[in-house]
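The values are calculated or read from the model by the stated rules, or taken from the named source; none is laboratory data. Since the model is a prediction, treat every value here as computed from it, not as a measurement. Cβ sites come from the backbone with ideal geometry, for glycine too, and all protein chains shown count toward neighbours.
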Amino acid sequence: MTDSKLSVLDPRGQPAGVYGRRGEAGAHMMAIFDPDVQPIIKLDKIDSLKMAPRLDSLEDKTVYLVDTGFAGGYDFLEEVQDWFAGNMPAVKTVLHKKEGNAFSDSPDLWVEIGKKGDAVVFGVGG
Amino acid sequence: MEDEFGVPTAPIVTARFADYVLRDGRTRGMNLRWTFPPYPVGWVSRETLHGYVQGNDPISGAPIMEEIVAALTQPLTDTEKNSKITRPPRRPRLLGEETESNLHRFFLENAWTDGLPIILPTEERVAEMLTGTDHDPQEVVGMMTVTTHEEMLEYTVERVAVNAVMAGARPEHLPVILAIASSQHPSIPSSTGSYGSMVVVNGPVRHEIGMNSGGGAMGPFNYANSVIGRAWTLMSINFGDARLGDTFMATIGNGSSFTNQCCAENEERSDWEPFHVRNGFAPGESTVSLFRGWNVLTLGVGGAKNILGRMKELQFTGAFTFVLDPLVAAGLKKDEGYDNPRQLSEWLAKELNSPRVKPENINFVVVGGETNPIWETTDYVYYKTVSVDKWIPKDGIRRDERPLRMPTGVTCADDSCGIN
């Protein structure tokens, strides 16, 4: 190696303003990493996303507990359901296993929760 | 649910992924109210999970269930109502001048390499690499990510050439590397399960750049195989933004990721049509085919029944790619009547009788030096085949006056071995 100075080019890519998102409903588990079929979302679309207002309390509300498909998620949410039953019995919980795999969309369930649910607990990613 | 349906959510992810999802919130401008139980959650006893739910979030220190209830009921803060997207900065073309040793340290300490020594991408070297294609250096080739949680990064022909230089490649290799880049597939997508990848080259370019399709083709014995395969992972690191523990979460990692089992198909010694021809390309067209999965079992022997037996042991993804020595393909054709691999795929899928396994997801490539009739089993998914030809200069592959070639092994071109 020499002590003379070198100029080198940057090897990194440039931000593209494009993001990956969950796979389509029914998509194969491996599809999430297939650029040909992986759904994407552009910067201008996510720029306007807003969080929902929170509830005053969970009393007499319906809380969906949605297992997203990672190992152990359903059992964990059963424990969460038991906790609500024992500590906040006025909360109605609905335990649901999301269709497909952990990376795919479940639009019918989102519509159902939008109509029948007041809040949702998703878990457990890992 | 939050934006489209107006329903408050309380997402839960294990504490190991806290940084990952918090960064996801920043990059998308929605900082969800996460709860982080201890980990792992999968494959642990019910008593352990009970303890998690009754216990505290190890990141915040708050009781798990209080945190979940608060996530759904505490009013949004002004920051949450008006959150901003955090974007990575645009990259410069040139880095500041430094000494060679400092630059090597800089690339390593920024994790822009695979840990092995690189060739520094000086302007002169990159300019020389760019003679390997006629394409404009500023032409955008594609965009890539190793995770769905980060903004994708876009890359030009020149930035592909930078990574090709770093990998130790020569201009003759650039068209194949550009073809891989154009697929936009990272070789190392982020999965805790530690993906491995494979790239198989078909067509005339194999010989023009001296690739190995014969003995030890997947091993460290061929310059082109090694640097092309390495360039894919360097591009996956630098364009796919693979950062260990941040965007890349493989719990063990995969030793094949250094060069991605890069090889050429042994078309000349195969009794079957070349892989790219079976997938709609012309025999005279050069291509790269990309595969990915988790499991590789190197030693397989025997015919179709033994292949079926191995498949029964390994049905994780529902996909299989078998790498067959030419002697295996010859035996399957001569002794068992499989004139083409499609017949074999259909027979195997029928015999396996699993709803997860379809004939089109059972693939075969022929690689090897006819030392013994051995096959390799993988659960790799075949993703796609990409043409190399569009990246080759109109005057042909730009070879060095005296191309660099490693010694080749004994071949069976004289028909002294093989099943005839």
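Considering the conditions (1) modelled with pLDDT of 95 or more; (2) closer than 24 Å to B:Ile177 by Cα, B:Trp294 is excluded by exactly one of them, (1). So which residues in segment B:82-115 are exposed (fewer than 12 other Cβ atoms within 10 Å of the Cβ) and assigned to a loop (DSSP other than H, G, I, E, B)? B:Asn82, B:Lys84, B:Pro89, B:Arg90, B:Pro92, B:Gly96, B:Gly115 - these are the residues of segment B:82-115 that are exposed (fewer than 12 other Cβ atoms within 10 Å of the Cβ) and assigned to a loop (DSSP other than H, G, I, E, B).
Taking segment B:123-149 as the range and being more than 16 Å from B:Trp232 (Cβ to Cβ), facing another protein chain (nearest Cβ under 9 Å) and in contact (Cβ under 8 Å) with a residue 24 or more places away in the chain as the test, the residues that pass are B:Glu123, B:Arg125, B:Val126, B:Thr147, B:His149.
Scan segment A:59-90 for residues that are within 11 Å of another protein chain (Cβ to nearest Cβ) and either charged (D, E, K, R) or under 19 Å from B:Phe5 (Cβ atoms) (or both) and the total you get is 13. Once segment B:22-51 is narrowed to residues that are within 7 Å of chain A (Cβ to nearest Cβ) and part of a helix (DSSP H, G or I), the residue that is farthest from A:Lys116 (Cα to Cα) is B:Arg46. Given (1) more than 7 Å from chain B (Cβ to nearest Cβ); (2) surrounded by 17 or more Cβ atoms within 10 Å (Cβ to Cβ), identify the lone condition not met by A:Trp110. Condition (1) is where A:Trp110 drops out. Scanning segment B:241-289 for residues that are of a type in the set (A, V, I, L, M, F, W, C), part of a loop (DSSP other than H, G, I, E, B) and within 14 Å of another protein chain (Cβ to nearest Cβ) returns B:Ala242, B:Met249, B:Ala250.
Each residue in segment B:353-404 was checked for being in a strand (DSSP E or B) and within 24 Å of B:Pro186 (Cβ to Cβ), and 12 of them qualify.
Residues are listed down the side, and each one gets a yes or a no for (1) among the hydrophobic types (A, V, I, L, M, F, W, C); (2) surrounded by fewer than 24 Cβ atoms within 10 Å (Cβ to Cβ):
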{"residue": "B:Pro186", "(1), (2)": "no, no"}
{"residue": "B:Ser190", "(1), (2)": "no, no"}
{"residue": "B:Val199", "(1), (2)": "yes, no"}
{"residue": "B:Asn202", "(1), (2)": "no, no"}
{"residue": "B:Gly214", "(1), (2)": "no, no"}
{"residue": "B:Tyr223", "(1), (2)": "no, yes"}
{"residue": "B:Gly245", "(1), (2)": "no, yes"}
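Of everything listed in (1) in contact (Cβ under 8 Å) with a residue 40 or more places away in the chain; (2) out of contact with any helix residue (DSSP H, G or I) (no Cβ under 7 Å at 6 or more places or on another chain); (3) of a type outside the set (S, T, N, Q), the single unmet condition for A:Gly86 is (1).
Screening segment A:20-126 for strands (runs of 3 or more DSSP E) wholly inside it with 2 or more residues that are at pLDDT 95 or above and touching a strand residue (DSSP E or B) at 6+ places or on another chain (Cβ under 6 Å) returns the ranges A:62-67, A:92-97, A:119-125.
Taking the numbered list (1) under 17 Å from B:Glu273 (Cβ atoms); (2) at pLDDT 95 or above in turn, B:Lys334 passes all entries but (2). Just one of the listed residues (B:Ala231, B:Ala264) is buried (at least 17 other Cβ atoms within 10 Å of the Cβ), aliphatic (A, V, I, L, M) and farther than 13 Å from B:Trp112 by Cα, namely B:Ala264.
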